[in-house]
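Notes to accompany the following structure.
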Amino acid sequence: MSWNDSNGNDQDPWKNKGNNQGPPDLDEVVRKMQEKLSSIFGGGGKGKGKGKGSGNPGNSGTFLVVSILLLGLLAWEMVYRIDPAERGVVMRFGQYISVLQPGPHIRFPRPIEQVVKVNVERIQTLTSDSAMLTGDENIVDVEVAIQYRIKDVKNYLFAIADPDVSVRRVTESAIRDIIGGSTLSFVITEGRAEIATNAQTLIQEILDNYSSGVEVTSVNMQPAKPPEQVKASFDDAIKAREDEQRKINEAEAYRNEVVERSAGEAARIRLDAEGYQKSVISQAEGEASRFSQLYTEYEKAPVVTRNRLYLDAMEQVMSSSSKVVMDNEGSSNLMYLPLDKLLEQTNKKARDVDSIDPGPYQPATEDSTRQRRAPRINR
């Protein structure tokens, strides 16, 4: 059926008069849209009977402003940005879709799609302070501070109900397990660093087993304190342990000093022994060489060599002793001998002779033997 049928019913939606089939009037189209919006928002008092030119000219501007505002709100709702330290979790109708990286993104308006931004670089800290039982059945107050960050956004939001509460409970459980296997003296003295290291490893293992998406960065354990009722006794025990350690350090320092001094003394004695060894060897070699030369000369002139040896021996003996020459023929005088002076002089000469190097052996000759031969004393 045509827009204008033969019955005269005007079915032309563009309201053209007569048989004019030209393009529709744009103002008329805008007016009709305004009337529909007005009827929707409670402004339907303006009907068709007012004619073509009866519309309010201000309605077009109002509709345009409203449309722009609606478009701006829609753009504000759909366009968003994720910071470099954040990750965005997209949920559509409450169901997980994906994890978004930093940068600008577009989403469907709420409540169709929702984006949860999570900071993955922020270090979160929680503390736990409670009384725990040690392996030797003593009670000790332990305070632990744990620092962690988010490493898996999906697991952090959906794998466990309350991540912060879960981390606290896991921390307390791990610390109790380690404290329960240690003695009280170990906990309150030198075991703090070791307990913190073992606790960090154990906490991370438990959180990974639960797929919590949490990474433990550090665990710091404060000095453990005994209960107030026995604090004085434990302070005395700690002081005694410190005194023991101080004595041990002093003993080790003394040991190191003695060992170093002994090592130096041993090195000096070793060097002296090596020097004495070389001296004895050199002296023995010299004596052997002298004897060989003497034997060679003895084979050449036995008599001369014997006389030379005799004279050398007498010279060595007589030179280191005091001598008194007496003539007892035809004398009746009483001779006084200063024996103490003579002995002192003899000892001094002996020391002087020992300090003189005899030098290499020189073979004796007939002339030298004749010159050094002592004169005979006729009796």
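The values are calculated or read from the model by the stated rules, or taken from the named source; none is laboratory data. Bear in mind the structure is a predicted one, so any value in this text is a computation, not a measurement. Please note: Cβ atoms are built from the backbone with ideal geometry, for glycine as well, and neighbour counts cover all protein chains shown.
Modelled with pLDDT of 90 or more, assigned to a helix (DSSP H, G or I), among the aromatic types (F, W, Y) and not assigned by TED's automatic domain parsing to the domain that holds I188: does that describe Y295?
No; evaluated as a whole, the condition is false for this residue.
Is it the case, given these coordinates, that I82 is in contact with a helix residue (DSSP H, G or I) (Cβ under 7 Å, 6 or more places away or on another chain) and modelled with pLDDT under 85?
The answer is no for I82.
Could you list, in sequence order, all residues of the stretch 186-232 that are surrounded by 19 or more Cβ atoms within 10 Å (Cβ to Cβ), touching an Asp or Glu at 6+ places or on another chain (Cβ under 7 Å) and part of a strand (DSSP E or B)?
Across the stretch 186-232, there are no qualifying residues.
Only one of these conditions is not met by F108: (1) surrounded by 13 or more Cβ atoms within 10 Å (Cβ to Cβ); (2) at pLDDT 80 or above. Which number is it?
It is condition (2) that F108 fails.
How many of the residues in the stretch 138-185 are of a type in the set (A, V, I, L, M, F, W, C) and in a helix (DSSP H, G or I)?
11
Could you please tell me which pairs satisfy a Cβ distance under 6 Å, a separation of 6+ or placement on different chains, a first residue in the stretch 260-275 that is of a type in the set (F, W, Y), and a second residue that is exposed (fewer than 10 other Cβ atoms within 10 Å of the Cβ)?
Listed by first residue and then by second, the contacts come to nothing, as the list is empty.
Which ones in the stretch 233-262 are modelled with pLDDT under 80 and hydrophobic (A, V, I, L, M, F, W, C)?
Result: F234, A237, I238.
Limited to the stretch 171-201, what total is found for residues that are touching a residue at least 40 places away in the same chain (Cβ under 8 Å) and of a type in the set (A, V, I, L, M, F, W, C)?
Result for the stretch 171-201: 7.
What residue, among those in the stretch 85-110 that are in contact (Cβ under 8 Å) with a residue 12 or more places away in the chain and out of contact with any strand residue (DSSP E or B) (no Cβ under 9 Å at 6 or more places or on another chain), is farthest from Y156 (Cα to Cα)?
Filtering the stretch 85-110 for residues that are in contact (Cβ under 8 Å) with a residue 12 or more places away in the chain and out of contact with any strand residue (DSSP E or B) (no Cβ under 9 Å at 6 or more places or on another chain), the one farthest from Y156 (Cα to Cα) comes out as P109.
Just one of (1) part of a helix (DSSP H, G or I); (2) surrounded by 11 or more Cβ atoms within 10 Å (Cβ to Cβ); (3) not charged (D, E, K, R) trips up N249, so point out which.
(2)
L271: in a helix (DSSP H, G or I), modelled with pLDDT of 90 or more and touching an Asp or Glu at 6+ places or on another chain (Cβ under 8 Å), yes or no?
So L271 does not fit the description; no.
Scanning the stretch 153-183 for residues that are among the hydroxyl-bearing types (S, T, Y) and closer than 30 Å to Q95 by Cβ, which turns out surrounded by the most Cβ atoms within 10 Å (Cβ to Cβ)?
For the stretch 153-183, the residue satisfying everything is Y156.
What strands (runs of 3 or more DSSP E) lie completely within the stretch 87-127 and have 1 or more residues being charged (D, E, K, R) and more than 34 Å from the chain's Cα centre (by Cα)?
113-119
Does the stretch 185-195 contain at least one residue that is modelled with pLDDT of 90 or more and either more than 21 Å from the chain's Cα centre (by Cα) or farther than 30 Å from D236 by Cβ (or both)?
No, the stretch 185-195 has no match at all.
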